[in-house]
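Asks: Please see the structure below; I have some questions.
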Amino acid sequence: MSLIVFGVGHPDRGDDAAGPLVADLLANDPHVSVRHVTGDPSMMLTDPLWLPDAEVVLVDAVVTGTEPGAVHAWSMLELLVRAAPSSGGTHDLGITTTLRLAEALDRLPRSLTVVGIEGARFTTGSEPSHAVLTAVERVATTLAMRARSSTASAGLTRLRVHPQ
Amino acid sequence: MSHTHDRRISVEALARLEGEGAMHVQVTDGTVERVELSIYEPPRYFEALLRGRTYLEPPDITARICGICPVAYQLSAINAIESLCVTPGSGRDRGLQVPDGIRQLRRLLYCGEWIESHVLHVFMLHAPDFLGYQGSIEMAADHRELVETALRMRKAGNQLLEVIGGRAIHPINVRVGGFHRAPTRGELDALVDELTWSRDAAIETVRVVAGFTFPDYDQDPTYVALRPEAGSGPVGATDYPLEGGRVVSTTGLDIPVEDWPEHFHEEHLPHSTALHGRMRGGGTYLVGPTARFNLNADRLPDELLELATEVGCSPPVTNPFRSIVVRAIETVYALDEALRLIAAYERPEVPAVPVVAVAGVGHGATEAPRGILYHRYELDADGLITDGVIVPPTSQNQPAIEEDLLGFVQSHLHLDDERLQWQCEQAIRNYDPCISCSTHFLDLTVDRR
């Protein structure tokens with residue numbers, strides 16, 4: 001079973017393109033299957049790749065207050081502890097609500113990691129920042145290595161780095 | 001009982017609605033004196049943003065107003081703009097005519113939006129109220145099949161949007177005169193299996209939600225909806241309102257969309273950043289699925305009307321809590337209509353016709369999932385927008401929702417605070433309000449003195 005990477009974000013909103021760009025860099029890797037998630041994240045649960053025995057990585061741009069280009073990696077449990085509860089009052093269900101829904105439906109994959117790339121600018125039509133583009137390459141390289149590795153989560157741990 | 005006279009109920013945030021705001025209910029000596037939906041989301045000034053833009057831009061700009069009904073914005077804008085456009089050499093002075101294949105695609109795109117929006121509201125936002133859960137996640141643990149069904153049905157709607165619109169949220173393939181690219185028959189045929197599965201699931205959904213327990217409450221508002229001329233749709237279409245029609249009401253109004261400003265207006269109230277829609281003369285009115293159903297049930301295919309009758313949902317529907325059943329019926333309709341349109345689809349020779357604009361004022365309206373969405377644009381001789389007006393369904397419904405709540409609270413003051421609060425929130429969700437569209441929602445305060 002290959003590594004499944006969902007690149008979450010909008011390709012035309014500056015640093016929000018981080019997830020899709022990582023997916024693009026991995027698109028031709030035979031050990032990785034990629035998807036773009038530009039709309040409602042809950043639709044991931046209907047994707048044929050979202051399987052109980054899958055190893056899934058979601059890559060998304062995040063804003064946590066660290067430096068742009070900082071890379072964070074959270075397990076499902078860590079993410080749900082950190083994330084504020086969703087009001088559910090929105091037109092799409094959001095990442096955390098989607099994961100809580102997957103948990104309620106007993107539809108979580110065996111391994112799920114959320115990789116967050118710290119973004120700074122999200123203006124429609126703007127280019128991703130240099131710091132984020134650098135982080136995108138680093139994340140893609142690490143995930144490609146991870147896909148070839150049989151050692152669980154070793155590569156993902158190394159993703160938790162901040163730019164120098 | 002003290003709670004029928006002097007009480008105060010507060011909700012920090014009302015869930016399962018789009019946006020943020022507050023509701024205040026004042027009860028004095030056992031009488032509900034005032035209900036206010038306090039919308040404090042900042043206004044977004046889209047109408048001002050449109051000024052100085054070209055006539056080709058409203059479909060893309062206004063689609064950004066809402067993430068779940070962008071097609072409504074695009075097609076209402078197109079109706080208004082195309083009423084001021086011609087194809088060069090056509091001999092017409094205004095009023096663009098587009099080939100049937102383009103009209104089929106527009107209606108089909110709209111079906112995708114109805115499916116996606118209605119399924120989200122019926123299953124994820126409203127059903128938890130009736131089944132006694134805080135939200136869809138809590139509901140999923142006990143009603144797994146229901147939620148799995150919803151996800152699969154929403155995907156069917158999203159796929160329609162993606163194939164025709166280019167993507168599910170804020171489609172990019174729509175333009176004045178048609179589309180940037182028309183899908184092939186094969187691309188649409190590939191959707192048929194999932195749409196068929198979803199249609200069957202939607203029929204079962206109608207039976208499930210019709211079995212919910214509904215609070216005992218009836219109302220008699222003025223309902224307003226579009227009603228197309230019979231047989232005016234593209235080949236393969238039936239006549240239930242979606243992408244156009246005349247404006248009709250349960251009080252006898254029957255006007256072309258061009259006459260909208262003579263009969264409807266908006267006003268600003270201090271407690272809300274969303275404008276409140278009213279009929280000229282001050283009356284409130286309701287738009288949305290129940291209005292459509294009450295004014296157009298005869299336009300539903302016979303087998304769907306039979307299903308509605310089978311589950312006890314015959315027009316007029318006067319209990320707003322039964323709107324969930326009407327949405328479920330409309331979901332079946334949208335899925336059936338999509339299948340009919342795909343079967344009849346003939347790919348247009350060109351995806352869009354050439355257009356030029358003439359100066360003037362154009363009006364357009366379509367039936368968004370939440371009700372009529374009206375656009376008006378004034379163009380100058382260069383095709384630039386000098387004025388734009390956008391009236392979304394939630395703005396129109398807001399005064400009537402307040403009236404409805406006032407009546408509901410008054411007749412349910414015997415309930416304890418927790419139950420009353422729950423049912424007030426449920427009552428608001430009857431209307432699937434979108435405060436993003438109207439400008440977001442909700443703290444609830446009931447002040448009983």
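The values are calculated or read from the model by the stated rules, or taken from the named source; none is laboratory data. Keep in mind that what you see is a predicted model, and the values were worked out from it rather than measured. Cβ sites come from the backbone with ideal geometry, for glycine too, and all protein chains shown count toward neighbours.
Asks: Show the residue pairs that are 6+ apart or on different chains and have beta-carbon atoms under 6 Å apart, the first residue being within the stretch B:390-419 and closer than 25 Å to residue B:73 by Cβ, the second being of a type in the set (Lys, Arg).
Replies: B:393/B:370
So that you can scan it fast, the table gives a plain yes or no per residue for (1) within 14 Å of another protein chain (Cβ to nearest Cβ); (2) at pLDDT below 95; (3) outside any helix (DSSP H, G or I); (4) more than 22 Å from residue B:257 (Cα to Cα):
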| residue | (1), (2), (3), (4) |
| --- | --- |
| B:56 | no, no, yes, no |
| B:77 | no, no, no, no |
| B:88 | no, yes, yes, yes |
| B:106 | no, no, no, no |
| B:111 | no, no, no, no |
| B:123 | yes, yes, no, yes |
| B:137 | yes, yes, no, yes |
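Asks: Can you find a residue that is closer than 24 Å to residue B:325 by Cβ and in contact with a Lys or Arg (Cβ under 8 Å, 6 or more places away or on another chain) anywhere in the stretch B:109-116?
Replies: Within the stretch B:109-116, one or more residues are closer than 24 Å to residue B:325 by Cβ and in contact with a Lys or Arg (Cβ under 8 Å, 6 or more places away or on another chain).
Asks: Would you check if residue B:106 is crowded, with 17+ Cβ neighbours inside 10 Å and not small (Gly, Ala, Ser)?
Replies: Yes, satisfied.
Asks: For residue B:403, work out the one condition from (1) surrounded by fewer than 24 Cβ atoms within 10 Å (Cβ to Cβ); (2) under 29 Å from residue B:304 (Cβ atoms); (3) modelled with pLDDT under 95 it doesn't fulfil.
Replies: If we test residue B:403 against (1) surrounded by fewer than 24 Cβ atoms within 10 Å (Cβ to Cβ); (2) under 29 Å from residue B:304 (Cβ atoms); (3) modelled with pLDDT under 95, just (2) comes out false.
Asks: Can you confirm whether residue A:53 is more than 14 Å from every other protein chain (Cβ to nearest Cβ), surrounded by fewer than 17 Cβ atoms within 10 Å (Cβ to Cβ) and at pLDDT below 95?
Replies: Yes, satisfied.
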